[in-house]
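Structure first, then comments.
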Amino acid sequence: MNSLSDSFVVAFGLITSLDAGLLDIVSRSLTVSLWATLLAFLIGAAIGSLLAIAAFRFKPLAMVLLNTYVAIPAVVVGLIVYILLSRSGPLGSLGWLFSLKAMVLAQTILVIPLAATMTQQIIGGAHQQMGERLRSLGAGHLTSAALLLINERHALITVLVTCFGRAISEVGTVMMVGGNIEGFTRVMTTAIALETSKGDLPLAIGLGVVLLAVVLLLNALLSALRGLQPAEPKAS
């Protein structure tokens with residue numbers, strides 16, 4: 001066998017033997033991304049649903065800013081969080097830089113606009129269909145948003161899964177604020193980048209296979225969720 005095939009053999013050996021180092025990186029990556037996804041979804045869903053329902057003077061400007069936020073490069077988000085958490089930054093006293101908390105914060109900020117825009121589209125469509133009925137029942141903006149979020153819960157699960165996929169695949173932002181410290185802040189994406197640059201292909205390949213498996217599972221889950229969503233009622 002040549003060196004590349006040897007690397008694949010060793011990589012699959014790490015996976016099948018449940019190597020402690022590999023599992024440590026995978027579990028840390030999942031933990032950070034799950035927390036970030038949950039926080040980003042809660043904040044983004046609230047922003048998106050209110051933008052979909054509320055009518056106010058600066059709503060077009062708010063939508064422009066949100067769409068711009070979606071397009072901001074991940075490294076810019078990492079830079080902003082780094083500046084905020086640096087020793088001379090406004091949040092430097094927290095001591096979060098190069099910690100899991102900093103990584104969760106960075107991923108949360110990165111994923112919020114995705115959650116907000118997807119929620120805005122879902123709730124906006126539902127509000128066009130049910131808005132008049134809700135207003136006739138005396139529901140205000142907050143009540144309408146809450147009822148529509150509950151009614152569209154199946155579609156919102158899709159948003160949640162999509163946000164998790166965005167979070168777990170991020171590398172630049174978490175490397176900037178986490179430092180990629182072995183045993184403390186190293187996650188799958190940063191470990192793959194580091195091990196590849198070092199020429200340690202077995203661990204990089206093993207983590208890459210696990211990351212691809214997670215992405216494949218997410219896509220399978222998304223397909224299943226779309227199949228479970230109730231069909232639109234046909235007009236009589």
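The values are calculated or read from the model by the stated rules, or taken from the named source; none is laboratory data. Everything quoted here is computed from the prediction, not taken from an experiment. Neighbour counts run over all protein chains shown; Cβ positions are idealised from the backbone, glycine included. With ligands, DNA and RNA removed, areas are computed over all heavy atoms of the protein, side chains included. Shrake-Rupley method; radii C 1.70, N 1.55, O 1.52, S 1.80 Å.
What to note about this one:
- Using θ = phi - 60° in the Karplus curve 6.51 cos²θ - 1.76 cosθ + 1.60, the 3J(HN,Hα) couplings for the stretch 140-147 round to x, 4, 5, 5, 4, 4, 5, 5 Hz; x is entered for Gly and Pro.
- Between L91 and M130, the simple label model (points 7 Å from Cα in the Cβ direction) yields a spacing of 3.4 nm.
- Equivalent ellipsoid semi-axes, the stretch 30-169, via Cα gyration tensor eigenvalues times 5, rooted, Å: 31, 16, 13
- Accessible area in the full protein assembly, largest first, 1.4 Å probe, for E182, E170: E182, E170
- Overall Cα dimensions of the stretch 113-162 - principal axes, largest extent first, Å: 34, 17, 17
- When shorter helices are ignored and each DSSP H run of at least 4 residues is given -39500 (n - 2.57), the per-residue value for the chain at 222 nm works out to -26500 deg cm²/dmol.
- Equivalent ellipsoid, the chain (semi-axes from 5 times Cα gyration tensor eigenvalues, Å): 39, 24, 13
- Across every pair of non-identical alpha carbons in the stretch 145-211, the mean reciprocal distance, once inverted, gives a Kirkwood radius of 13.9 Å.
- A simple rule links phi to the HN-Hα coupling: the Karplus curve 6.51 cos²θ - 1.76 cosθ + 1.60 with θ = phi - 60°, which for the stretch 204-220 gives 4, 5, x, 5, x, 5, 5, 5, 5, 5, 5, 5, 4, 5, 4, 5, 5 Hz, with x for Gly and Pro.
- Net charge dipole size for the chain [Lys, Arg +1 and Asp, Glu -1 on Cβ; Debye, nearest 20]: 860
- Backbone phi angles across the stretch 180-194, fed through the Karplus curve with coefficients 6.51, -1.76 and 1.60 (θ = phi - 60°), yield HN-Hα couplings of 6, 7, 4, x, 10, 10, 7, 10, 4, 5, 5, 5, 4, 4, 5 Hz in residue order; Gly and Pro are listed as x.
- A Förster radius of 30 Å, combined with the Cβ-Cβ distance separating S27 from L222, puts the computed FRET efficiency at roughly 0.85.
- Sparse packing (at most 14 other Cβ atoms within 10 Å of the Cβ) combined with a DSSP loop state is found for the following chymotrypsin sites (Phe, Trp or Tyr not before Pro) in the stretch 49-153: F56, F58.
- Within the listed set A193, A74, A62, the Gaussian network model of the chain (springs between alpha-carbon atoms below 10 Å) gives the highest mean-square fluctuation for A62.
- Pairwise FRET efficiency - V10 versus E182, Cβ, R0 = 25 Å, nearest 0.05: 0.85
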